[in-house]
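Structure record follows, encoded as structure tokens.
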Amino acid sequence: MLEVTIDNESGFCFGVVKAIQSAERELTGTDELYCLGDLVHNNQEMDRLKALGLSTIKHDDLNHLRNRTVLLRAHGEPPSTYHLAEKNHIKIIDATCPVVLQLQRKIHRC
């Protein structure tokens, strides 16, 4: 049988940790926060955040959402997401990973 050992120092990358902290910080002042897609690929953590008030939505849901707060996860989003949010008076909490932001800026310059 194969034995798997998990390093005691393992965990989420810093971009995901930042996104989770952003969600927790927002949820201390409200019981309603939407996240565009799963914040993290970990069911236990998603269940914990859901219990705090986080609801996961899909891109199509943005078309019908108005005057709400939406967290953008560490993966980042295209400009069209920001435009739609502005059009629908959606407050964005941008938890895009700094590494992803740097790559997006580099691609935009090309």
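Please specify each residue of the range 38-48 satisfying the condition of being touching a strand residue (DSSP E or B) at 6+ places or on another chain (Cβ under 8 Å) and either in contact (Cβ under 8 Å) with a residue 60 or more places away in the chain or assigned to a helix (DSSP H, G or I) (or both). Give the derivation first.
Taking the range 38-48 as the starting set, the residues that turn out to be touching a strand residue (DSSP E or B) at 6+ places or on another chain (Cβ under 8 Å) are 38-39, 46.
M46 - this is the single residue of the range 38-48 that is touching a strand residue (DSSP E or B) at 6+ places or on another chain (Cβ under 8 Å) and either in contact (Cβ under 8 Å) with a residue 60 or more places away in the chain or assigned to a helix (DSSP H, G or I) (or both).
If you check every pair at least six apart or on different chains, which have Cβ atoms under 8 Å apart with a residue in the range 63-82 that is touching a residue at least 12 places away in the same chain (Cβ under 8 Å) and on the phi > 0 side of the Ramachandran plot first and a residue that is buried (at least 17 other Cβ atoms within 10 Å of the Cβ) and in a loop (DSSP other than H, G, I, E, B) second?
Correct list of pairs: N67/I90; G76/T96; G76/C97.
Residue by residue through the range 64-90, note down the ones that are surrounded by fewer than 11 Cβ atoms within 10 Å (Cβ to Cβ) and assigned to a loop (DSSP other than H, G, I, E, B).
Result: H64, R66, N67, P78, H89.
Looking only at the range 1-21, count every residue that is in contact (Cβ under 8 Å) with a residue 24 or more places away in the chain, part of a loop (DSSP other than H, G, I, E, B) and small (G, A, S) and tell me the total.
0
I'm checking my understanding of the structure. Among residues of the range 91-110 that are assigned to a loop (DSSP other than H, G, I, E, B) and touching a helix residue (DSSP H, G or I) at 6+ places or on another chain (Cβ under 7 Å), which one is modelled with the highest pLDDT?
Among those residues, the one meeting the criterion is A95.
The values are calculated or read from the model by the stated rules, or taken from the named source; none is laboratory data. The structure presented is a predicted model; accordingly, all values stated were derived computationally and were not measured. Cβ: placed from backbone, ideal geometry, glycine included. Neighbour counts: every protein chain shown.
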